[in-house]
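Quick notes on the structure that follows.
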């Protein structure tokens, strides 16, 4: 749905400091300093993956690449040059400079082009997102939110003198360069932590976490086994042999599902995690007990069951069912493993998360219309290394110990990333409605340098 109140009402009624202005500033409508061009309705029959001109779609806003090209005729006014400012007209109303090659402006994306030199392009980059977010927050929606070009043109932007704009842009870029460096470092740390977690799981499934002897590489390996050498004292076993249940779920009719509360929790792929966790606080869905005990009885889940998604991308989500409800149910894109007495459920979850097993699963998946599907029969045939039960417990304990360290550091990194975002908002607040960002106070360069060292 579209906007039901005026942009002026949103700005005047908002408590968002990013929409403020200093007392001596005026405001100016975006239409007075720029033109807004809606994208063209290009025929999908002429979309390609290779030949033609890159077509910039709404999902490409903020990116530097598009996977869609266009081979038909087009109007020159729809050409997008690198550096042009684009706004997504649906969803989150994202805006960003186009960083990719010369392309075409598709429908549901608009291009903003400044006229003259009374408004600094980078100042617009810093100012506009706050207004778009406020409009998005005020836009009612049943499915997808929509933004009109007229609403964009009506935005009352802050209008300081060009000299002030230049000063603010220079100071913001100086401070943000330090913050961006700190954020880039934090993201590198987070990527390294993911690799470390994967290495822990790879070592565990290869029998390398605990001191032991590994058999030579020429040990016979079953067809559906991961590419690892079997440690001495271990055996191969399929999931069908060590699990009492390996079954996928099913999805009832939309009217048979309820959001927020109900009788039996219904798990969807977005509730699964990549680390064994399950987040049912995310858009929780429920079904009636009669449906659970009737048509979906075979996809019933219990606490301790291991779940894995079989439809992607991405594949590789694995979760343990918690005991917060006595019984659960799952949709058709998830398979449940209920272990028998020969394997611990935590060990099975770690095995399914291990990179060698994930690679084996990915090789067996089938791609259809951009989706990757893993058959339930493949899940039953999957062969895994089976240590003695006593050793399984020791492996789980060691993996838990090592991963807990990784997760503790990762939580600290995430906290610092959130702090960096808060610092960014604070700097922008000072720039638009507070004291000039002159390097003093908690958001000045000194504080930013401290954040970069965090």
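The values are calculated or read from the model by the stated rules, or taken from the named source; none is laboratory data. These numbers come from a predicted model, not from an experiment. All Cβ positions, glycine included, derive from the backbone under ideal geometry; neighbour counts span all protein chains shown.
Within the range 308-338, the residues that satisfy the criterion of being closer than 22 Å to residue 261 by Cα and outside any loop (DSSP other than H, G, I, E, B) are 319, 320, 328, 329, 330, 334.
Assigned by TED's automatic domain parsing to the domain that holds residue 296, more than 22 Å from residue 296 (Cβ to Cβ) and in a helix (DSSP H, G or I) - does that describe any residue in the range 380-387? Yes, the conditions are met somewhere in the range 380-387. Quick one: is residue 31 in contact (Cβ under 8 Å) with a residue 60 or more places away in the chain and closer than 25 Å to residue 126 by Cα? Yes; evaluated as a whole, the condition is true for this residue. Kindly indicate whether any position in the range 163-172 is in contact (Cβ under 8 Å) with a residue 60 or more places away in the chain, within 27 Å of the chain's Cα centre (by Cα) and either crowded, with 20+ Cβ neighbours inside 10 Å or at positive phi (or both). No, that holds for no residue. Tell me, please, whether a residue that is more than 22 Å from residue 352 (Cβ to Cβ) and touching a helix residue (DSSP H, G or I) at 6+ places or on another chain (Cβ under 6 Å) can be found in the range 305-324. No, the range 305-324 contains no residue that is more than 22 Å from residue 352 (Cβ to Cβ) and touching a helix residue (DSSP H, G or I) at 6+ places or on another chain (Cβ under 6 Å).
Scanning the range 1-20 for residues that are in a loop (DSSP other than H, G, I, E, B), in contact with a helix residue (DSSP H, G or I) (Cβ under 7 Å, 6 or more places away or on another chain) and surrounded by fewer than 19 Cβ atoms within 10 Å (Cβ to Cβ) returns 5, 14, 16, 20.
Looking across the range 297-316 at every residue that is under 28 Å from residue 370 (Cα atoms) and buried (at least 21 other Cβ atoms within 10 Å of the Cβ), the one that is nearest to the chain's Cα centre (by Cα) is identified as 309. Among the candidates 55, 124, the residue that is at pLDDT 95 or above, under 28 Å from the mean Cα position of the chain (by Cα) and not in a helix (DSSP H, G or I) is uniquely 55. Out of all the residues in the range 403-426, is one or more closer than 15 Å to residue 197 by Cβ, more than 26 Å from the chain's Cα centre (by Cα) and not assigned by TED's automatic domain parsing to the domain that holds residue 130? No, there is no match, as no residue in the range 403-426 is closer than 15 Å to residue 197 by Cβ, more than 26 Å from the chain's Cα centre (by Cα) and not assigned by TED's automatic domain parsing to the domain that holds residue 130.
Residue-level analysis places residue 61 outside the set of residues that are modelled with pLDDT of 95 or more, more than 23 Å from residue 429 (Cβ to Cβ) and touching a helix residue (DSSP H, G or I) at 6+ places or on another chain (Cβ under 6 Å).
For the range 22-44, does any single residue satisfy the condition of being exposed (fewer than 12 other Cβ atoms within 10 Å of the Cβ), over 30 Å from the mean Cα position of the chain (by Cα) and in a strand (DSSP E or B)? Yes, the conditions are met somewhere in the range 22-44. Suppose the filter is more than 29 Å from residue 232 (Cβ to Cβ) and part of a helix (DSSP H, G or I); does residue 407 pass it? Judged against the criteria, residue 407 is a match.
Picking from residues in the range 140-162 that are touching a residue at least 60 places away in the same chain (Cβ under 8 Å) and part of a helix (DSSP H, G or I), the one that is surrounded by the most Cβ atoms within 10 Å (Cβ to Cβ) is 152. Residue count for the range 255-272 under the criterion of being surrounded by 14 or more Cβ atoms within 10 Å (Cβ to Cβ) and assigned to a loop (DSSP other than H, G, I, E, B): the result is 3. Exactly one residue out of 365, 319, 277 is loosely packed, with under 15 Cβ neighbours inside 10 Å and either in contact (Cβ under 8 Å) with a residue 40 or more places away in the chain or within 22 Å of residue 403 (Cα to Cα) (or both): that is 277.
From the list 117, 92, which one is surrounded by fewer than 17 Cβ atoms within 10 Å (Cβ to Cβ), at pLDDT below 95 and over 21 Å from residue 150 (Cα atoms)? Exactly one of 117, 92 is surrounded by fewer than 17 Cβ atoms within 10 Å (Cβ to Cβ), at pLDDT below 95 and over 21 Å from residue 150 (Cα atoms), namely 117. Residue count for the range 339-376 satisfying the condition of being in a strand (DSSP E or B), over 20 Å from residue 270 (Cα atoms) and touching a helix residue (DSSP H, G or I) at 6+ places or on another chain (Cβ under 8 Å): 1.
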